[in-house]
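Okay, so here's the structure we're looking at.
The values are calculated or read from the model by the stated rules, or taken from the named source; none is laboratory data. Every value quoted in this text rests on a predicted model; they were computed, and no experiment measured them. What goes into the accessible areas is simple: the full protein's heavy atoms, side chains included, and nothing from ligands, DNA or RNA. Shrake-Rupley method; radii C 1.70, N 1.55, O 1.52, S 1.80 Å.
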Amino acid sequence: FAATLARPEELDRRVSEALAARHWQDHDVVLRDWWRNALTTPFGLGDTAVALDALPVAVPELEFLFPARRVSVEALDSLIRTHIAPGRARPRLAADTLNGMLKGFIDLVFEHQGRYYVLDYKSNWLGPDDHAYTREAMTEAVLESRYEVQYALYLLALHRLLRARLGDDYQPDRHLGGAVYVFLRGLDGPDAGALFDRPPSALIEALDQLFVPGDDHAG
């Protein structure tokens, strides 16, 4: 990110070409300012904060793939409701059983002060100006769209990666930092458009067991 800011011409060119292909040239100046703002605006991570251009280690579009064999969606939903925003209303996941391979791409995985995080960018429109992007409004948007299911699975994927890479040194409470969702339209809002959550390790470990290959989790 720092290198891109130091030499912005290449990204500006790519943005301009993408806009021209869609006849959206009128948005060129706005998006040039937007991506610079997105890279330099600090966002909170609980008791610390960081901006993208200051990240020492970051991996974009990290792919994950793991098996899901007779995984009950109802059980998955119940675990997440219990550990993330308990008691808050949200749509229920449709009753189903997951079989096959669960595959996804995480927008960004990064390290900060010895902890590892997942980050997802969102372009949701929550209101006419930055003041609409309050913590409560962003939380409501996350729950309504069930993004917390998304980031719980992202954290499970990161948990398994760290366990494989760090071996016996891995400690979830120490190394697994949490998830931050950046609402790009609210970068100048009260929380810099960022909603951070660190679900308890008990949730990640329970999800890990839920997705153990070969076990029957449908009952």
At a 1.4 Å probe, what is the % contribution of carbon and sulfur to the accessible area of the chain? 52 percent
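Considering Cα pairs under 8 angstrom that are at least six residues apart, work out the relative contact order of region 20-120 and quote it in whole percent. Numbers along the way, then the final one.
Details: 116 pairs, mean separation 29.1, N = 101.
Over region 20-120, the number comes to 29 percent.
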In terms of modelled amide H atoms, which long-range or inter-chain residues lie less than 5 Å from the amide H of Ala51? Phe43
In the chain, what % of DSSP beta bridges are antiparallel (nearest 5)? 75 percent
Output wanted: per-residue J couplings in Hz (rounded whole) for region 171-177, from phi through Karplus 6.51 cos²θ - 1.76 cosθ + 1.60, θ = phi - 60°, x for Gly and Pro. 9, x, 5, 8, 9, 8, x
Sequence order, region 110-118: Karplus ³J(HN,Hα) from phi using 6.51 cos²θ - 1.76 cosθ + 1.60, θ = phi - 60°, Hz rounded, Gly and Pro as x, gives 9, 10, 8, 6, x, 10, 10, 10, 10
Run the numbers on region 79-156 and let me know its relative contact order in percent, using alpha-carbon pairs under 8 Å that are six or more apart. 34 percent
In whole Å, what is the distance between the alpha-carbon centres of region 145-181 and region 74-111? 13 Å
In sequence order, what are the phi-derived ³J(HN,Hα) couplings for region 145-161 according to the Karplus relation 6.51 cos²θ - 1.76 cosθ + 1.60 with θ = phi - 60°, rounded to whole Hz, with x for glycine and proline? 8, 6, 5, 5, 5, 4, 6, 5, 6, 4, 5, 4, 4, 5, 4, 5, 5
If you count only protein heavy atoms with a 1.4 Å probe, what accessible area per residue comes out for the chain, rounded to a whole Å²? 53 Å²
If you take Rg/Rh (Cα atoms, Kirkwood Rh) from the coordinates, which of (i) 1.03; (ii) 0.96; (iii) 0.99 do you get? (iii)
